[in-house]
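The values are calculated or read from the model by the stated rules, or taken from the named source; none is laboratory data. Fair warning: this is a prediction, and the values are worked out from it, not measured in the lab. Quick reminder, even Gly has a Cβ in these numbers, built from the backbone with ideal geometry, and neighbours come from all protein chains shown.
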């Protein structure tokens, strides 16, 4: 009976971690470029008291075995990369990706990180950087006398100069991964590549399955409030049911221990 | 039969010790940087199987990550990943995950009991007219935009060498190697809460209590049998 105590404890802890994940999703309902996480549960190892198909006598096989499991564990979380709602901001350097792909950002130590958060700003030298000051790659520098900046859906950046001429500053690139779910979340709306995600492949926005860039929009989070609330209720009830089980197991133990008075 | 009495007594003592560990963990559910203790039991004398019973082998410290809570204070720091803050007590070094710091009269970064936080070049001291302190992911300390030091986050190859020293801190033998930690992130404005899992402790406590009761039943049974034996022997004479 002590086994059931620990089995139910794994159940309670798993529901607690499930709620932790739901809370993180709900907390990030308004985070630009946020992708919600989904948890996956797995049952734990089973004790093999009798193996199915084992021989019980000469030529007589047992049809089903005797296996008692040991509980549950959370074996993975998966980021769900569905498109978030586009929010119009009308800011010249806010960009939303419609479709697949990530912006490539270079950190101060030279490492490459990736994001869906397209809220860029100009730094002191006119270079496009994230709100944390990290540079967009490939670097785009807006001349200080530019009156208007236009970014096309294919990522081409055109500026209008005071003389009335239009100058092309280059084209933004997006990056695709074979398995975006395998990216490591670093926080600060940033992702890092791992062996599981595959190497980044650079693409032109709008071509070969890479998403398009929309200037003046931001991609909101893809958290669905209703789904998360329903999951929260499920987690809470599962937690309660497990704790009732623990109480029952404890009462049975108490009865067993007090057989001899 | 008397051996059985002593065996069940060792069982009860082991459960009592376990309860001490569990109570201490539960008492520290809200202590910043506390690392829960786990009691490890073994059979009474490992090299003498003829002496039965259980005893406490050691109390281990579980160094898993605790949850992080935000406080917004500039000098509250939380470490994600491996590593400990190195604190100079003036009478030896202590290592802790408790990142609640303040400034003392000399503008040095100290913890609640005045132990000084160690940086790359000794104790970290802020200039008198410092207005804003920023501590980045690696623990570098920036005052008004100027980098003045970096917090030493240290780690140990074998965490078994850390012994509890009070105030959520650990001490180790000065001969033990202290390495610079890798793969950590320092978050300013956050604190690491204790890593005690209330569910685990409650379930352990239940299992503990029932085991104690079972051992108690053994004691009572032996007691009853002994009593009958003595009474019968008495009436015979």
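Within 14 Å of another protein chain (Cβ to nearest Cβ), surrounded by fewer than 17 Cβ atoms within 10 Å (Cβ to Cβ) and modelled with pLDDT under 90, is that true of residue B:138? Give the derivation first.
On the way: within 14 Å of another protein chain (Cβ to nearest Cβ): yes; surrounded by fewer than 17 Cβ atoms within 10 Å (Cβ to Cβ): yes; modelled with pLDDT under 90: yes.
It is true that residue B:138 is within 14 Å of another protein chain (Cβ to nearest Cβ), surrounded by fewer than 17 Cβ atoms within 10 Å (Cβ to Cβ) and modelled with pLDDT under 90.
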Among the residues of the stretch B:211-222, are any assigned to a strand (DSSP E or B), under 27 Å from the mean Cα position of the chain (by Cα) and either within 24 Å of residue B:28 (Cβ to Cβ) or within 14 Å of chain A (Cβ to nearest Cβ) (or both)? no
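If we only count strands (runs of 3 or more DSSP E) wholly inside the stretch A:41-132, which ones have 2 or more residues that are touching a residue at least 40 places away in the same chain (Cβ under 8 Å)? Working first, answer last.
On the way: elements: A:46-50, A:55-57, A:66-69, A:72-79, A:86-88, A:95-98, A:103-106, A:112-115.
Once the strands (runs of 3 or more DSSP E) in the stretch A:41-132 are filtered for at least 2 residues that are touching a residue at least 40 places away in the same chain (Cβ under 8 Å), what remains is A:66-69, A:72-79, A:86-88, A:95-98, A:103-106, A:112-115.
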In the stretch B:28-43, how many are exposed (fewer than 15 other Cβ atoms within 10 Å of the Cβ) and either modelled with pLDDT of 95 or more or closer than 20 Å to residue B:11 by Cα (or both)? 3
Which one is nearest to the other protein chains (Cβ to nearest Cβ) among residues in the stretch A:6-33 that are more than 14 Å from residue A:73 (Cβ to Cβ) and surrounded by 20 or more Cβ atoms within 10 Å (Cβ to Cβ)? A:22
Among the residues in the stretch A:46-65, are any surrounded by 12 or more Cβ atoms within 10 Å (Cβ to Cβ), over 30 Å from residue A:157 (Cα atoms) and in contact with a helix residue (DSSP H, G or I) (Cβ under 6 Å, 6 or more places away or on another chain)? no
Could you pull out every one of the strands (runs of 3 or more DSSP E) wholly within the stretch A:177-261 that has 1 or more residues that are out of contact with any helix residue (DSSP H, G or I) (no Cβ under 8 Å at 6 or more places or on another chain) and exposed (fewer than 13 other Cβ atoms within 10 Å of the Cβ)? A:184-187
Mind checking which pairs have a first residue in the stretch B:24-44 that is on the phi > 0 side of the Ramachandran plot and a second that is outside any loop (DSSP other than H, G, I, E, B), Cβ under 6 Å, 6 or more apart or different chains? B:33/B:96; B:33/B:192
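With the requirement that a residue be under 23 Å from residue A:221 (Cβ atoms) and part of a helix (DSSP H, G or I), what does the stretch A:1-40 give you?
Quick first cut of the stretch A:1-40, residues under 23 Å from residue A:221 (Cβ atoms) only: A:17-40.
If the condition is that a residue be under 23 Å from residue A:221 (Cβ atoms) and part of a helix (DSSP H, G or I), then A:17, A:18, A:19, A:20, A:21, A:22, A:23, A:24, A:25, A:26, A:27 are the ones that fit.
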